[in-house]
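**Student:** Pasting a structure below so you can have a look.
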Amino acid sequence: VNWDPVTRTALADDEVEMEEVHGHMWYLKYPLADGTGDVVVATTRPETMLGDTAVAINPIDPRAESLVGKTVRLPIVERLIPIVADDHVVIEDPESDDPKARYASGFLKVTPAHDTNDWEIGLRHDLPVINILGPDGTISDQHGWEDISATAEQFVGLTREDARTAIVEWFEQHDLLDEVRPYSHSVGHSYRSHASIEPWLSDQWYVNVTDDRLRGS
């Protein structure tokens, strides 16, 4: 759902206001589990990497043949996650008129619990869904995150903004931050609180109305 972490309520699509945000694209190194190198994912939301369950590459990318099927060791969490092939991934092209292609690395971190496109990729590849956020938007191990590592515990309780800063610093300290580039993109905000909305897992309840006086109204 579109979750407002300030008012702690779900929003309909037409209650989400899109705003242009001037931020950054971070390029994070994920080491291959076999020790043969790393892949570099590009993301505007480093804080959600705690919930990554795969890395995706476009099947027509020349690198896909040698990498699909391998695993990476997710930094901080130490979770082993697969490299999968998916058509949704934008192939990097520094000369493209499409800003997504210009800023792409060719590798997409897949976080099914916290991105609607990643959710669809997760369904196509039967990926685990790990929710690392609480209803107030802080990093939490109480809503589905069970494989938290000792290193990851330091981020629990941080706000999304503070976690982003701390995780980027951790990657930089461990020589896993490849690059940072200014980047502007459209982000959904709550019309109520004006906070950025969070794609968030929520139980939705459906009531079967059997009383004709209500059912027909």
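**Student:** I need every pair where a residue in the stretch 139-157 that is within 13 Å of MET49 (Cα to Cα) has its Cβ under 7 Å from the Cβ of a residue that is among the aromatic types (Phe, Trp, Tyr), sequence separation at least 6 or different chains.
**Tutor:** The qualifying pairs are ILE139/PHE155.
**Student:** Out of all the residues in the stretch 124-139, is one or more open to solvent by 80 Å² or more (accessible area, probe 1.4 Å) and at pLDDT 95 or above?
**Tutor:** yes
**Student:** Could we say that PRO75 is under 17 Å from the mean Cα position of the chain (by Cα), within 22 Å of GLY188 (Cα to Cα), of a type outside the set (A, V, I, L, M, F, W, C) and part of a loop (DSSP other than H, G, I, E, B) here?
**Tutor:** No.
Residues are listed down the side, and each one gets a yes or a no for (1) at pLDDT 95 or above; (2) more than 19 Å from VAL16 (Cβ to Cβ); (3) touching a His at 6+ places or on another chain (Cβ under 8 Å):
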{"residue": "VAL187", "(1), (2), (3)": "no, no, no"}
{"residue": "TRP200", "(1), (2), (3)": "no, no, yes"}
{"residue": "TRP205", "(1), (2), (3)": "no, yes, no"}
{"residue": "ASN208", "(1), (2), (3)": "no, yes, no"}
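**Student:** Another question, then. Can you pull out the residues in the stretch 110-123 that are open to solvent by less than 60 Å² (accessible area, probe 1.4 Å) and outside any loop (DSSP other than H, G, I, E, B)?
**Tutor:** Selection gives VAL110, PRO112, ALA113, HIS114, ASP118, ILE121, GLY122.
**Student:** Select from the stretch 1-34 the residues that are of a type in the set (Gly, Ala, Ser) and farther than 22 Å from GLU172 by Cα and list them in ascending order. Step through it out loud before you land on a result.
**Tutor:** Within the stretch 1-34, the subset of a type in the set (Gly, Ala, Ser) is 10, 12, 23, 33.
Those that are of a type in the set (Gly, Ala, Ser) and farther than 22 Å from GLU172 by Cα: ALA10, ALA12.
**Student:** Name the residue, out of GLU78, GLU19, GLU47, that is touching a helix residue (DSSP H, G or I) at 6+ places or on another chain (Cβ under 9 Å) and more than 21 Å from GLY134 (Cα to Cα).
**Tutor:** Values: GLU19 fails: touching a helix residue (DSSP H, G or I) at 6+ places or on another chain (Cβ under 9 Å); GLU47 fails: more than 21 Å from GLY134 (Cα to Cα).
Being touching a helix residue (DSSP H, G or I) at 6+ places or on another chain (Cβ under 9 Å) and more than 21 Å from GLY134 (Cα to Cα) holds for just one of GLU78, GLU19, GLU47, which is GLU78.
**Student:** Hey, ASP87 hits all of (1) assigned to a loop (DSSP other than H, G, I, E, B); (2) touching a Phe, Trp or Tyr at 6+ places or on another chain (Cβ under 8 Å) but one; which does it fall short on?
**Tutor:** The single condition ASP87 does not satisfy is (2).
**Student:** For the stretch 48-71, enumerate the residues that are part of a loop (DSSP other than H, G, I, E, B) and crowded, with 23+ Cβ neighbours inside 10 Å.
**Tutor:** Correct list: ASP52 only.
**Student:** Now, a different point. Report whether or not ASP97 is under 26 Å from ILE57 (Cβ atoms) and in a loop (DSSP other than H, G, I, E, B).
**Tutor:** yes
**Student:** Across the stretch 130-186, what is the number of residues that are assigned to a helix (DSSP H, G or I), among the hydrophobic types (A, V, I, L, M, F, W, C) and more than 15 Å from the chain's Cα centre (by Cα)?
**Tutor:** Result for the stretch 130-186: 5.
**Student:** Regarding LEU74, is this residue crowded, with 21+ Cβ neighbours inside 10 Å, in contact with a Pro (Cβ under 6 Å, 6 or more places away or on another chain), closer than 17 Å to THR53 by Cα and aliphatic (A, V, I, L, M)?
**Tutor:** Details: crowded, with 21+ Cβ neighbours inside 10 Å: yes; in contact with a Pro (Cβ under 6 Å, 6 or more places away or on another chain): no; closer than 17 Å to THR53 by Cα: yes; aliphatic (A, V, I, L, M): yes.
The answer is no for LEU74.
The values are calculated or read from the model by the stated rules, or taken from the named source; none is laboratory data. This is a predicted model, so every value here is computed, not measured. Cβ atoms come from the backbone with ideal geometry, glycine included; neighbour counts cover every protein chain shown. Heads up: the accessible areas ignore ligands, DNA and RNA and are worked out on the full protein's heavy atoms, side chains in. Shrake-Rupley method; radii C 1.70, N 1.55, O 1.52, S 1.80 Å.
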